[in-house]
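Notes follow once the structure below has been shown.
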Amino acid sequence: MIYLDNAATTWPKPQQVVAAIEEALVHKGGNAGRGGHGAAMQMARLIYQTREDLCVLFGTNNPTRVVFTQNATHALNQALFGLLQPGDHVITSSLEHNAVARPLWALKQRGVEVSEIPGVPGEEFDFGEYNKAFRPNTKLVVTLHASNVTGTLLPVEEIGQIAHEHGAYYLLDAAQTAGVFPIDLGLLSVDLLAFPGHKGLLGPQGTGGLIVKADIRLEPLIYGGTGSRSEEDCQPDFLPDALESGTMNGAGIAGLGAGVQYILSEGVDKIRDREQALCRKLWEGLREIPGVKLYGSEMVERRSPILAFNIGEIDSIKVSFLLEQNAGVIARAGLHCAAHAHRMLGTLEQGVVRFSPSHFTSDEEIVTALQAVRRVAEELS
């Protein structure tokens, strides 16, 4: 199997991640915050260490503002439903994943006003329209950092600065960039950062988080036991407890922590440079294949490590099926839970085939994948 679907979930994981999960399950089986005995304390220390490591990675300094969630979707929902109220106004982009688009649709039914900044291929975010979109009741701007369809990076520094100039918060969806691009919350005008654990951070599925700046209070999505103030019926009002009801995914967080430590030791720039070099090989190889259409900027070094393409008018799912059947090449096809982006690209009916290598992908695997695409293109022509 040649696995080129790392934008969906990274594989393989570093051996340190597997070892950390096993260590947690075999030797650290306690429930963090549920008891003062040694087993519970061991797990609590492990979880707190992961909070600290995430602070190092993301350029912040308060581990208690790192809230663990099931995934980035959970984190985004917590931020959106926890912050916005009927009568508030929120601004978003035309590239968003359903993890943002669907919560905003639901909030719109409840009286939240939503503005979507239009984009076209090559100019995915219109700053003129963005500046005109602000209203007196604008409370939040929410965008992804990089498109999960084309890898296009949004200018998040400028987006955040303008949001702050208008007195609005900025929520950043780092699903495709956390662990691959530097994200320094000490420098960026980002108030809430949502991230998955199982993609660029190289942890297991079922992990993720939300980092909340100090001046923001969110209403919880879930209420329940937190291991603190158990004598009270009301939810604790301090982080992370306020937003972390129920038993934590201790083994998963152990694996996530090991993934973060691996990234810190290897270096984000080294990982990204390798992945983008592989994308460059894919781009140059695919554009030589008759019938192949590529999406996104040719400057792949300025995008997240994603490459989207189609073969003629052939359904992308059929192409992906043939790549796996004929050569064991694993790609993602279809709409990638991002219909808004496909409307902008004009691929809502066809979808696209998406390759996303990791820094574990070999040059030989890229050559084999290109050969497989060429054979499929010839077969379908």
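If a residue has to be in contact (Cβ under 8 Å) with a residue 60 or more places away in the chain and not aliphatic (A, V, I, L, M) to count, how many in the range 146-177 make the cut?
9
Could you look through the range 43-54, keep only residues that are open to solvent by less than 40 Å² (accessible area, probe 1.4 Å) and in contact (Cβ under 8 Å) with a residue 40 or more places away in the chain, and pick out the one that is nearest to Pro182 (Cα to Cα)?
Applying the filter and picking the extreme gives Leu54.
Quick one: is Ser320 without any contact (Cβ under 8 Å) to a residue 60 or more places away in the chain, open to solvent by 10 Å² or more (accessible area, probe 1.4 Å) and among the polar types (S, T, N, Q)?
When the stated conditions are applied, Ser320 passes them.
Within the range 130-138, is there a residue that is open to solvent by less than 10 Å² (accessible area, probe 1.4 Å) and under 20 Å from the mean Cα position of the chain (by Cα)?
Scanning the range 130-138 turns up no residue that is open to solvent by less than 10 Å² (accessible area, probe 1.4 Å) and under 20 Å from the mean Cα position of the chain (by Cα).
What is the number of the single condition among (1) open to solvent by 20 Å² or more (accessible area, probe 1.4 Å); (2) in contact with a Lys or Arg (Cβ under 7 Å, 6 or more places away or on another chain); (3) assigned by the TED database to the domain that holds Arg217 that Ser297 does not meet?
The one condition Ser297 does not meet is (3).
Please go through the range 202-224 and pick out each residue that is exposed (fewer than 13 other Cβ atoms within 10 Å of the Cβ) and out of contact with any helix residue (DSSP H, G or I) (no Cβ under 9 Å at 6 or more places or on another chain).
If the condition is that a residue be exposed (fewer than 13 other Cβ atoms within 10 Å of the Cβ) and out of contact with any helix residue (DSSP H, G or I) (no Cβ under 9 Å at 6 or more places or on another chain), then Asp215, Gly224 are the ones that fit.
Output the number of residues of the range 106-125 satisfying the condition of being at pLDDT 95 or above and within 16 Å of Ala341 (Cα to Cα). So that I can check it myself, show each step before the final result.
Initially, the range 106-125 is screened for residues at pLDDT 95 or above, giving 106-117.
This time we only want the ones that are within 16 Å of Ala341 (Cα to Cα), so: 115-117.
Number of matching residues: 3.
Would you please name the residue that is surrounded by the fewest Cβ atoms within 10 Å (Cβ to Cβ), looking only at residues in the range 1-42 that are within 30 Å of Arg303 (Cβ to Cβ) and among the charged types (D, E, K, R)?
Ranking the qualifying residues of the range 1-42, first place goes to Asp5.
Among what's in the range 323-345 and is closer than 17 Å to Thr368 by Cβ and touching a residue at least 24 places away in the same chain (Cβ under 8 Å), pick the residue that is most open to solvent (accessible area, probe 1.4 Å).
Asn326
If I ask for residues that are buried (at least 19 other Cβ atoms within 10 Å of the Cβ) and in a helix (DSSP H, G or I), which ones from the range 66-81 would you list?
Ala72, Thr73, His74, Ala75, Leu76, Asn77, Gln78, Ala79, Leu80
Within the range 3-42, which residues are closer than 21 Å to Lys199 by Cβ and without any contact (Cβ under 8 Å) to a residue 60 or more places away in the chain? Don't jump to the end; show me each part of the working.
Looking only at the range 3-42, we keep the residues that are closer than 21 Å to Lys199 by Cβ, and these are 3-21, 24.
The answer is Gln15, and nothing else.
Is it the case that the range 269-281 has a residue that's open to solvent by less than 60 Å² (accessible area, probe 1.4 Å), in contact with a Pro (Cβ under 6 Å, 6 or more places away or on another chain) and among the charged types (D, E, K, R)?
Yes: the range 269-281 contains one or more residues that are open to solvent by less than 60 Å² (accessible area, probe 1.4 Å), in contact with a Pro (Cβ under 6 Å, 6 or more places away or on another chain) and among the charged types (D, E, K, R).
What is the residue count in the range 105-136 for residues that are touching a residue at least 24 places away in the same chain (Cβ under 8 Å), within 21 Å of Gly167 (Cα to Cα) and among the basic types (Lys, Arg)?
1
Has the range 42-59 got any residue that is aliphatic (A, V, I, L, M), part of a helix (DSSP H, G or I), within 23 Å of Ala338 (Cβ to Cβ) and over 19 Å from the mean Cα position of the chain (by Cα)?
Checked the range 42-59: no residue is aliphatic (A, V, I, L, M), part of a helix (DSSP H, G or I), within 23 Å of Ala338 (Cβ to Cβ) and over 19 Å from the mean Cα position of the chain (by Cα).
Within the range 55-65, how many residues are open to solvent by 50 Å² or more (accessible area, probe 1.4 Å) and of a type in the set (A, V, I, L, M, F, W, C)?
Matching residues across the range 55-65 total 1.
The values are calculated or read from the model by the stated rules, or taken from the named source; none is laboratory data. Predicted model, so just to flag it, every value in this text is computed and none were measured. Note: ideal-geometry Cβ built from the backbone for every residue, glycine included; neighbour counts use all protein chains shown. Side chains are part of the model used for accessible areas, which takes the heavy atoms of the whole protein and leaves out ligands, DNA and RNA. Shrake-Rupley method; radii C 1.70, N 1.55, O 1.52, S 1.80 Å.
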